[in-house]
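Only the coordinates and a few stated rules stand behind these numbers; no lab work does. Just so you know, these numbers come straight off a predicted model, no measurement behind them. Neighbour counts run over all protein chains shown; Cβ positions are idealised from the backbone, glycine included.
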Amino acid sequence: MTAITKAKHLIPAGLIHRAAALALTSVPYITPTKLLNLVRCEAEKLRRIARLRSFPYVAIIDVTNTCNLRCPYCPTGARRDSGRKKGMIEPETIKQLIDGVGKYIISANLFNWGEPLLHPQIAAIVRMLHEARIFTVISTNLNIAGSNLLNRLCGAGLDYLVVSVSGASQEVYQQYHRQGRLDLAIKNTRLIVENRRGKNGRRPVIEWKYLVFRHNLHEVEAARNMAKDIGVDIFRAVRAGGADESEIKDGQASERKLRVRFCHQLWHAIVLNVDAGIAPCCFMFYKKDDFNNFSQDIFAIRNSERGLTARNLFNPSNINSLPPDLQHPCLKCGLVHEQPHLHDYLKSNPNARREHRTGGA
Ligand code: SF4
């Protein structure tokens with residue numbers, strides 16, 4: 001088996017395709033300053049350094065915590081209360097982020113727990129980031145009426161669009177994307193492909209993301225063909241996390257699950273919520289788990305008490321610095337519970353109970 005075949009065997013093909021597309025399309029955004037910071041940040045990560053001198057190079061910005069659909073395994077769709085007011089992020093907060101760390105940020109994901117296209121100024125936000133030379137990614141259900149916003153988004157310089165559609169017929173699609181319309185999502189995907197073709201351009205790159213459950217497994221191939229027919233660049237069938245219903249066998253029409261054993265985001269990402277709260281990572285949903293609030297003092301955010309403790313959890317040499325009864329949001333995280341060096345410590349700490357980070361089952 002050659003090295004490439006081995007890599008393909010270990011890493012799902014869809015993921016390789018996606019990583020290659022992301023890497024290639026983000027190259028024009030990389031400056032020497034960003035590259036140098038990335039290397040510094042990765043070196044700190046490799047050495048498990050807790051107190052950081054590097055800046056984050058990925059921004060995850062939840063532009064809204066509202067959604068028009070009711071997908072049951074999404075905490076927003078399931079209407080769980082995060083402790084945050086429902087609303088839209090202030091574009092001024094994003095401007096402050098750009099002023100503070102824009103020259104180090106390579107890419108910005110403008111989504112996490114809400115439907116980003118509901119933000120009335122989403123196109124202006126994309127343009128602002130694009131002009132600051134930051135690669136932009138949006139993930140959406142594309143259930144919005146009218147072509148105006150989509151044309152403005154493409155015109156603003158959006159680089160990568162993930163369309164979440166988990167079914168090839170309305171009957172199957174609506175079992176997960178409750179209150180959603182498949183025909184609208186498809187019509188809008190076509191519009192974006194045509195818009196891109198009209199400009200003779202390649203952006204945004206379009207990815208169709210199909211969350212695989214037992215109820216929609218049989219429509220994966222039909223959806224893959226639809227995506228190809230429309231002109232979508234990447235089709236990914238991904239197992240949905242958490243739900244019993246997503247327990248299907250490896251290789252059954254979906255990508256194998258990649259086992260991640262380390263927390264990367266604690267080093268390289270800044271996760272900004274609608275209310276300007278800074279979360280530890282994109283998996284954390286509740287306000288009470290935030291590390292702090294956004295300010296332009298990025299080192300104060302990065303090296304807050306909670307941030308330092310979280311990174312210390314991943315460094316076996318720092319285990320003695322952890323109080324025996326430590327209370328910390330990351331103590332509920334599966335990644336922390338899978339660290340062999342924390343095995344005894346977690347057993348003896350009464351506050352370290354593994355829980356779902358979004359409050360799911
Ligand atoms: S909750 Fe887990 S994934 Fe998130 S920052 Fe903490 S350790 Fe990392």
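Once each of the GluC sites (Glu not before Pro) sitting in a DSSP loop with at most 15 other beta-carbon atoms within 10 Å is removed, the chain keeps 1-246 as its longest stretch.
What is the spin-label model distance, in nm, from Ile319 to Arg203 if the labels are put 7 Å beyond Cα along the C-beta direction? Distance between the two pseudo-spin positions: 4.7 nm.
What you get for the chain, charging only the Cβ of Lys and Arg (+1) and of Asp and Glu (-1), is a dipole of about 540 debye around the Cα centre.
Using the Cβ-Cβ distance between Leu36 and His341 with R0 set to 35 Å, the FRET efficiency from 1/(1 + (r/R0)^6) comes to roughly 0.65.
Considering every pair of different Cα atoms, what Kirkwood radius, in Å, is found for the chain? For the chain, inverting the mean 1/r across all distinct Cα pairs yields 21.5 Å.
The label-point distance for Leu24 and Ala78, in a model that sets each label 7 Å from Cα toward Cβ, rounds to 3.8 nm. Each of Tyr210, Ile138, Pro28 was placed along the dipole of the chain (beta-carbon charges, centred on the mean Cα), and the one lying farthest toward the positive end is Pro28.
For the chain, the relative contact order works out to 18 percent when only alpha carbon pairs closer than 8 Å and six or more residues apart are counted. Distant-in-sequence amide contacts of Thr66, defined by a placed amide H-H separation under 5 Å and a gap of 5 or more residues or a different chain, comprise Gly87, Glu115.
A crude spin-label estimate for the pair Val193 and Asn225, with each label 7 Å from Cα along the Cβ direction, gives 1.5 nm.
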